[in-house]
Amino acid sequence: MDAAIYNACKSELISIVGVQYVLSSVDELAIYLTEETGTYTGKASLVVFPQNKEQVSAIMRYCNQHSISVTPRGAGTSLAGNAISLNDGIIMILSSMDKILEIDIENHLITVQPGCIVDSLKNYVDSHGLYYPVDPASSGTSMIGGHVMTNAAGPRSYKYGSTKNYVRALELVLSDGTIIQTGTLTEKNSTGYNLTQLIVGSEGSLGIVTSITLGLVKKPPYNNTVLMSFESLEDALNTILLLRNSAVDISAIEFIEREALDLVARYEGQAAIVIEENCAAHLLIELESSSAAAMDQQLSMLAEIMESATYLNIIVADGSEQKELLWRMRKLIGHAVRHYSVYREVDTVVPANKMVSLIQHVKSIGFKFGFKSVCYGHAGNGNIHVNILKDNIDEAQWHNILKNAVGEIFDEVIRLGGSLSGEHGIGILNKEFMSKQFTEVELGLMRGIKKVFDPKSIMNPGKIFPEY
């Protein structure tokens, strides 16, 4: 951005939001040029914090007129470079728009602004006897707008689905500043194209969400957590198929490779639980029921199922403290990996009965290219996070791994009927691999949609498509 455009843009932003909500110094900008993985460092000329939809609209109108790019951003917990600004435009941070606007208890609806922290939303809903079940590990810091833009999921997506299953309606500011409404408040809607679901998962490339209406569910009165240990990855993954075909009311099935458990223990300075020496993997299971008696029945059914499985041990949590301990162990894996090594996360998802084949292939690719991997994730619905560890690998070999080894993993994912991402999105990280999943005709349709919403390509440019 040359000096004249920069000065005019800065002056306009200050006139719209106030000088205290515009950042321009190198030190101030640096905070917002990375995201959770630390893989990318972006660039930008200005950072702006709008306080309401009218300001968002005014900013977009000005930027569209002057062809200035805008990268919307929330808490920066993204894992695919979704919110990294790649040029010298502006970063629009929506954290100030964090209000819960309305809750409709009778219709099980809540309307919030995009900057609302997800755990705050969940706690507020819980205080009214309802439940918002989407719960990725970052929910204590991530914002609901980011969840909508990446279609975030998490462990309980096994039973409850991902963000898209709860978004009823959106208020959206288009690239030219126009404010539109999508969706309805009703549970059923078969009227015209579903613009709401088109926006969910679009990574800020089609517009900026300023209000979100979510459907809620009733919270199950009872839940419990069970930890199972296995001598082989295959035993653990095959047990998942038994659980999926059972009548047990399961909300989450998490797969955790032994190496992940060891990294968490190293990160914490101590092991949260005793791990058998010959343990290769754990499954973390959450059960739900309507009563204490029903929970006992669920546990009995689970015990019967496990008679057909090959396992080392089963631990049933003996109270809320142990449940929290077990879930904390799972949620710390990402932090522990980042603390241990530079890594590349491959957010694979395949049909559940193909997970054994996938992980076996990942390990064989690791042997071929000379890297170690840590596998864990939401295996109940086939979503395995493959963390490729850099360790002491030199830069030339690491570059080869990032391009060719990851490409081979994705080749196998697609061959098995899977997808490039289960919940993190495409962003910068995965865009070069999009042609592995989509034909040129299919990519052309997506580019055409982008062009309709954003004719000047100012909305979060450089994401999703290889040429942007």
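The values are calculated or read from the model by the stated rules, or taken from the named source; none is laboratory data. What you see is a predicted model, and the numbers here were worked out from it, not measured in a lab. Quick reminder, even Gly has a Cβ in these numbers, built from the backbone with ideal geometry, and neighbours come from all protein chains shown. To get the accessible areas, we keep the full protein, side chains included, count just its heavy atoms, and leave off ligands, DNA and RNA. Shrake-Rupley method; radii C 1.70, N 1.55, O 1.52, S 1.80 Å.
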Check your understanding: residue 370: more than 27 Å from residue 70 (Cβ to Cβ), small (Gly, Ala, Ser) and crowded, with 16+ Cβ neighbours inside 10 Å, yes or no?
Key -> no
Exercise for review: For the stretch 241-284, enumerate the residues that are under 22 Å from the mean Cα position of the chain (by Cα) and of a type in the set (A, V, I, L, M, F, W, C).
Suggested key: 250, 252, 253, 255, 256, 260, 261, 263, 264, 283, 284
**Study point:** Qualifying position, being assigned to a helix (DSSP H, G or I), among the small types (Gly, Ala, Ser) and in contact (Cβ under 8 Å) with a residue 24 or more places away in the chain, among 435, 421
**Key:** 435
Practice item. Would you check if residue 383 is closer than 24 Å to residue 241 by Cβ and either surrounded by fewer than 19 Cβ atoms within 10 Å (Cβ to Cβ) or among the polar types (S, T, N, Q) (or both)? Key: yes
Practice item. Would you tally the residues in the stretch 52-80 being farther than 30 Å from residue 386 by Cα and outside any loop (DSSP other than H, G, I, E, B)? Key: 14
Check your understanding: Which of the residues belonging to the stretch 273-315 are buried (at least 19 other Cβ atoms within 10 Å of the Cβ), charged (D, E, K, R) and over 21 Å from residue 332 (Cα atoms)?
Key -> 288
Review point. In the stretch 29-47, is there at least one residue being part of a helix (DSSP H, G or I) and open to solvent by 20 Å² or more (accessible area, probe 1.4 Å)?
Key: yes
Point to revise | Test set (1) in a helix (DSSP H, G or I); (2) under 20 Å from residue 261 (Cα atoms) - residue 377 fails condition number | key: (1)
Practice item. Under 9 Å between Cβ atoms, at least 6 apart or on separate chains: pull out the pairs that start in the stretch 48-69 with a residue that is in contact (Cβ under 8 Å) with a residue 24 or more places away in the chain and end on any residue that is charged (D, E, K, R) and open to solvent by less than 30 Å² (accessible area, probe 1.4 Å). Key: 53/171; 64/454
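Residue-wise test of (1) open to solvent by less than 60 Å² (accessible area, probe 1.4 Å); (2) among the hydrophobic types (A, V, I, L, M, F, W, C); (3) modelled with pLDDT of 95 or more.
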residue	(1), (2), (3)
388	yes, yes, yes
393	yes, yes, yes
423	yes, no, yes
441	no, yes, yes
459	yes, yes, yes
Check your understanding: On the given criteria, is residue 119 of a type outside the set (A, V, I, L, M) and at pLDDT below 95?
Key -> no
Review point. Counting only residues that are open to solvent by less than 10 Å² (accessible area, probe 1.4 Å) and free of Cβ contacts under 8 Å to residues at least 40 places away in the same chain, which one in the stretch 91-120 is farthest from the chain's Cα centre (by Cα)?
Key: 116
Exercise for review: State whether the residues of the stretch 123-133 include one that is in a helix (DSSP H, G or I), open to solvent by less than 50 Å² (accessible area, probe 1.4 Å) and at pLDDT 95 or above.
Suggested key: yes
Exercise for review: With a cut-off of at least 1 residues that are open to solvent by 60 Å² or more (accessible area, probe 1.4 Å), name the helices (runs of 4 or more DSSP H) lying wholly within the stretch 143-250.
Suggested key: 157-160, 195-199, 233-244
Study note, to complete from the structure: Within the stretch 316-340, residues under 15 Å from residue 252 (Cβ atoms) and open to solvent by 80 Å² or more (accessible area, probe 1.4 Å) come out as 324, 328
